Amino acid sequence: MSAGNSSFAARHKLVAAVPALVDNTTLATAWIPITDAWRVVAGILMGVTDITVDAKLQQATDASGTGVKDVSGAAITQFAATDDGKWATIDCEATAFDEVNSFNHVRLLITVGDGTAGAYVAGFLILPTRHAPPTQVANYVQQIEVAG
């Protein structure tokens with residue numbers, strides 16, 4: 001069954017950070033161009049942990065991270081060591097980026113504290129696009145859509 005342009009994937013560009021069991025480190029997605037996006041939605045999902053986790057959006061002027069800086073206001077309240085199984089999102093309009101100075105790339109940065117068990121963390125970016133359908137990243141390999 002073909003869902004046409006009404007499907008989620010026909011309107012959104014999906015980019016994922018690989019889930020990882022980590023301790024005392026920083027994870028980041030690749031730098032993603034946002035020239036066709038009207039907003040960016042990042043998700044952070046926690047597994048079982050005994051450490052703190054922070055997450056924020058950063059912006060840069062190119063895919064190599066030139067001029068990297070935080071997007072103002074685009075950070076979660078820190079997850080505590082007892083926040084097992086919780087998740088958060090950062091929903092950011094493209095107008096929040098420094099377009100005047102050509103900041104047209106974004107990434108999700110997740111910082112994990114130091115503990116004994118580590119943290120199982122997953123992060124992702126969704127870019128709702130201005131024009132459909134978007135060109136998906138190569139590692140987005142499957143869409144399952146169920147209609148009633």
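Bear in mind that the values in this text are calculations on the coordinates, not laboratory data. Quick caveat, the model's predicted, so the values are computed rather than measured. So basically every Cβ, Gly included, is an ideal-geometry build from the backbone, and we count neighbours across all protein chains shown.
Rounded to the nearest 0.05, the FRET efficiency derived from the C-beta distance between Thr82 and Arg39 at R0 = 25 Å is 0.20. I want to make sure I understand the PRE zone here: with the label point 7 angstrom from the Cα of Asp54 toward its beta carbon, which residues in the range 111-128 have backbone N atoms less than 11 Å away? Flagged as within label range: 111-113. Cβ-to-Cβ counts within 10 Å put Thr52, Thr25 in ascending order as Thr25, Thr52, the fewest first. Taking chymotrypsin sites (Phe, Trp or Tyr not before Pro) across the range 27-126, the ones in a DSSP loop with at most 16 further Cβ atoms lying within 10 angstrom of their Cβ are Trp38. Over the range 33-81, the alpha carbon radius of gyration divided by the compact-protein estimate 2.2 N^0.38 Å works out to 1.39. For the range 72-78, 3J(HN,Hα) computed residue by residue from phi via the Karplus equation (6.51, -1.76, 1.60; θ = phi - 60°) reads 4, x, 9, 9, 7, 6, 3 Hz, glycine and proline entered as x.
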